[in-house]
Each structure stands twice: as C-alpha cells, then as structure tokens.
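Down below is the structure, laid out as structure tokens.
The values are calculated or read from the model by the stated rules, or taken from the named source; none is laboratory data. Treat the numbers as computed from the prediction; the structure is a model and nothing was measured. No Cβ is skipped: glycine too gets one built from the backbone with ideal geometry, and neighbour counts run over all protein chains shown. When the accessible area is computed, the model is the full protein with side chains, heavy atoms only, and any ligands, DNA or RNA have been set aside. Shrake-Rupley method; radii C 1.70, N 1.55, O 1.52, S 1.80 Å.
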Amino acid sequence: MATIFSRIIAGEIPSYKVAENDHYYAFLDINPLAKGHTLVVPKQEVDYLYDLDDETLQGMIVFAKQIAQKIKAFSGCNRVATVVLGLEVPHAHIHLIPMNSEKDVDFSREKLVLTPEEFAEIAAALRE
Ligand code: 5GP
C-alpha cells in the first residue's frame, strides 16, 4: 500500500506544496514546530533515508538546500535545522525547521496550530 507521503505526492491527499521536481517533493509539515517547518521527500518510496541510492540521496540534499535557503529568508532564523526521524511515516523524509536555539527542534514540544490560510500563505512565500 502506498505511504501517506506517496499519496500526497500523487495529489490524492492535499498538502501545502513548497517545491517539486521529477524526483522530490516538499510540503509543509501539518504539525509544525515553527512556521516554515517543511518535509522533503523523494518520490521513490523507500522507508529508511540511508537505503536510498547515492544519487537520489545526494540530489535530495541539494533540493533541501534550496528550500532551506528560502525558509531562512522567510523566517529570519539563524539557521535551518535538518532533522531525520522517520518514526511515524515509513517514507524517507527530511525535516527542515527554522531554528534559533536547540529548544526549537525539540519534537516533544507542543506543535503550532495554524489555520489553512496561514499554511497557504507560508507555502506561497516559500514557493516564490
Ligand atoms: P517522522 O516520521 O519524521 O517521525 O514524523 C512524520 C512527520 O510527518 C510528522 O512531523 C508529522 O506531523 C508529519 N505528517 C504526518 N502525516 C502528515 C500528513 O498527512 N500531512 C503532512 N503535511 N504532514 C504529515
């Protein structure tokens, strides 16, 4: 069965898209730690990031870098944290999270609750 992220990539489940090319898809995390928290996903359905072939993994980091630069400009954060957990969804993905201090990437923290309009505005800003 397709993962929830494959269904998002296929457009079967809506998402706030940030970027897409032939191999990767980026969209806002629905339970963000900060405004701009983005997930970067390969279209190839592989559970564990380090099971990706070298070319796909390399390309994914370069794709993530382009988005991280936009997140940094958008949020004014010091840097963008790059986090790989994969505890919830068995489809390799990278979290890109605006960060000013270590506590900003504490996944046990309460997540932000944003309106659909706020999500749409952030995604539009990151797509520019
Ligand atoms: P992880 O697998 O890295 O532990 O966590 C998966 C992440 O995906 C979580 O931060 C969760 O909020 C996000 N997530 C799970 N399902 C969906 C979904 O349907 N849409 C979006 N946009 N994010 C999701």
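What to note about this one:
- Of all residues making up the stretch 8-51, the number that are in contact with a Pro (Cβ under 6 Å, 6 or more places away or on another chain) and open to solvent by less than 40 Å² (accessible area, probe 1.4 Å): 3
- Checked against (1) within 12 Å of the ligand (Cβ to nearest atom); (2) closer than 14 Å to F27 by Cα; (3) without any contact (Cβ under 8 Å) to a residue 24 or more places away in the chain, A123 passes all but a single condition, namely (3).
- For the stretch 10-28, residues that are within 11 Å of the ligand (Cβ to nearest atom), touching a residue at least 24 places away in the same chain (Cβ under 8 Å) and not basic (K, R) total 5.
- Any hit, the stretch 92-111, residues being in contact with a Phe, Trp or Tyr (Cβ under 7 Å, 6 or more places away or on another chain) and at pLDDT 95 or above: yes
- Filtering the stretch 43-59 for residues that are within 18 Å of K111 (Cβ to Cβ) and among the polar types (S, T, N, Q) leaves an empty set.
- For the stretch 68-101, the set of residues classified as within 15 Å of the ligand (Cβ to nearest atom), open to solvent by 50 Å² or more (accessible area, probe 1.4 Å) and hydrophobic (A, V, I, L, M, F, W, C) consists of V84, L85, L87, listed by residue number.
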